[in-house]
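Participant: Just passing along the structure, written as structure tokens.
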């Protein structure tokens, strides 16, 4: 079927559903002939072409992204970066041109750390550390401890994470950004709520630590969902409720984010009361969910990098999309509606050709 994104039609093909426990996934293909090529964050950092660092004057909400490659770099909304002074997630999807440095909007996902080394051996700054250590006897042991402390300090560089933000955090952030609000407090509150739901408390309230703690449970889900040939995204259903849609430009980019996106929704699945019986989702419900994107209100974000980024919302959900010309690069759409509310019914078409053109 076709989904209209602010005047651009994107043709989708839905594949056979896959199920495990309380989670159902419908793989999605995009019928597109685009040959655009993008470098992803993980590949870019691994190859040494991309650097993500703190800004010259560090702030919680902004980092610097340097793309030294000869092709554009794509950053994906919700993707986590770790290290430097605090772990962060991307606030929006963005394409950075070749040989370009841009400031990137982010949210912190580790409220309890700033300036400290990744070992977290000392939870205070260097000056306070010096005041706590007695150097009157000039002991070599004391100076060795100081060198170890300084070596544990961050170098202001980030690494790519194995995780993206969990579904609930991404949904809450999406709602705030559509309303043009600062989403940092919302992100921290969502991570705190996740810690309550998983009964796990990180020392620094780090989202990353919560994912690591539940990695084995995630893996149990993951091994029951296979990556389909040509897959560019998926629709996620938990406890019989449609939760969200993720779409990527091509199978290559999707494959790199496949596990991250699944873990985002699996975290939601393992924190929900599991029902052994979940009613099947009908094609009509899936069609209605997708069709609502076409009826959304789209709001352009500030121009940054290549392409056009938009936040959108409708009566039933909210999301964001990055377009490069008429080509979709990344889209997420989160369901916020009461599952008992009837969605908009399909349009009545004036002719058979009108009907065919929309499917």
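Participant: Can you give the FRET efficiency for residue 180 and residue 326, using 1/(1 + (r/R0)^6), R0 = 35 Å, r = Cβ-Cβ distance, to the nearest 0.05?
Facilitator: Step by step, r from the Cβ atoms, then E = 0.85.
Participant: Sorted by packing (mean other beta-carbon atoms within 10 Å per residue), highest first, where do 36-44, 95-103 land?
Facilitator: By packing density, highest mean first, the sequence is 36-44, 95-103.
Participant: Once Rh is set to the Kirkwood radius over Cα pairs, what Stokes-Einstein translational diffusion coefficient, in µm²/s, holds for region 200-245 at a temperature of 20 °C and a viscosity of 1.002 mPa s?
Facilitator: In µm²/s, the coefficient is 163.
Participant: Still on this model: Mind giving me the nanometre distance, one decimal, between the label points for residue 213 and residue 114, set 7 Å out from Cα along Cα→Cβ?
Facilitator: Taking the two extended label points, one gets 2.3 nm.
Participant: While we're here: How would 324, 6 line up from fewest to most surrounding beta-carbon atoms within 10 angstrom?
Facilitator: 6, 324
Participant: OK, next. How many nm is it between the label spots at residue 59 and residue 100, if each spot is 7 Å from the Cα in line with the beta carbon?
Facilitator: 2.0
Participant: Among 182-192, 79-89, what's the highest-first ranking by average C-beta atoms within 10 angstrom per residue?
Facilitator: 79-89, 182-192
Computed from the coordinates by the stated procedures, all read-outs in this text should not be read as laboratory data. What you see is a predicted model; the values in this text were computed from it and never measured. When we count neighbours, we look across all protein chains shown, and the Cβ atoms used for this are built from the backbone with ideal geometry, even at glycine.
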